[in-house]
Amino acid sequence: MDVLPATKLKLRFFEAQDELLLVDYLNDPQVIHYLSSRIPNPYTAEDAKWWITTGSRNGLIRAITVDGELAGCIGAEPGQHEYQYSGEVGYWLAEKFWGKGYATNALCLLIKELQQATPLVRLQASVFEGNQGSAKVLEKCGFTQQGYFPKAVYKNQRFYHEVVYGRTIS
């Protein structure tokens, strides 16, 4: 997968200036539909401040920007103990950035950074069944389906099947 020109899409640390857009994006029902319930709902300015200063420092987490504008988030959280060489990948984009290849390109950039800056050997990601966009992003970046868990996720009074994707990076 070719990465978009560097001027178009970049990964960077979250900054204080991201607070308003984080609140806006993470209160959009379309954006949070398939995201973990760990993300508060409603999402407040205090939640965004915590994320920028503390939460986004756990693992290798980056803001996705397109032409300098915050577009979303991507990251990998390393496992612990015997899973220390595996990482869990997650990402989201604001709705106006969907369907343009940005998530795929961001994941390719993240994988390159993980290969250069971490000892991780394997990555995996969980997808709620029905989230075809996210599944396609993973497949385009070399992930394969490695597990299927019926009714493993319960969110918003509904069960979802979990599909687990994985790949090695070294």
All conditions in (1) more than 23 Å from Gln124 (Cα to Cα); (2) of a type in the set (D, E, K, R); (3) within 17 Å of the chain's Cα centre (by Cα) are true of Arg12 except (1)
In the stretch 62-77, is there at least one residue being surrounded by fewer than 18 Cβ atoms within 10 Å (Cβ to Cβ), under 14 Å from the mean Cα position of the chain (by Cα) and modelled with pLDDT of 95 or more? yes
Being more than 15 Å from Val137 (Cα to Cα) and surrounded by 15 or more Cβ atoms within 10 Å (Cβ to Cβ) is true for just one of Glu19, Glu46. Which residue is that? Glu19
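With respect to Ala94, determine if the residue is more than 21 Å from Ala117 (Cβ to Cβ), surrounded by 14 or more Cβ atoms within 10 Å (Cβ to Cβ) and within 15 Å of the chain's Cα centre (by Cα). So that I can check it myself, show each step before the final result.
Working: more than 21 Å from Ala117 (Cβ to Cβ): yes; surrounded by 14 or more Cβ atoms within 10 Å (Cβ to Cβ): yes; within 15 Å of the chain's Cα centre (by Cα): yes.
Taking the combined requirement at face value, the residue satisfies it.
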Among the residues of the stretch 120-132, is any surrounded by fewer than 17 Cβ atoms within 10 Å (Cβ to Cβ), modelled with pLDDT under 95 and among the small types (Gly, Ala, Ser)? yes
Might you check whether a residue that is free of Cβ contacts under 8 Å to residues at least 24 places away in the same chain and within 27 Å of Glu162 (Cβ to Cβ) occurs anywhere in the stretch 6-19? no
Inspect all residues belonging to the stretch 146-163 and state whether any of them is within 20 Å of Pro78 (Cα to Cα), outside any loop (DSSP other than H, G, I, E, B) and under 14 Å from the mean Cα position of the chain (by Cα). no
How do the pairs read when you match residues in the stretch 47-60 that are without any contact (Cβ under 8 Å) to a residue 24 or more places away in the chain with residues anywhere that are of a type in the set (Asp, Glu) and surrounded by fewer than 15 Cβ atoms within 10 Å (Cβ to Cβ), using Cβ under 8 Å and keeping only pairs 6 or more apart or on different chains? Asn58/Glu77
Tell me, which residue of the stretch 23-43 that is touching a Leu at 6+ places or on another chain (Cβ under 7 Å) and open to solvent by 20 Å² or more (accessible area, probe 1.4 Å) is farthest from Tyr83 (Cα to Cα)? Ile32
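The values are calculated or read from the model by the stated rules, or taken from the named source; none is laboratory data. All values reported here derive from a predicted model rather than from experimental measurement. Using ideal geometry, Cβ is built from the backbone for each residue, glycine included, and neighbour counts are taken over all protein chains shown. Heads up: the accessible areas ignore ligands, DNA and RNA and are worked out on the full protein's heavy atoms, side chains in. Shrake-Rupley method; radii C 1.70, N 1.55, O 1.52, S 1.80 Å.
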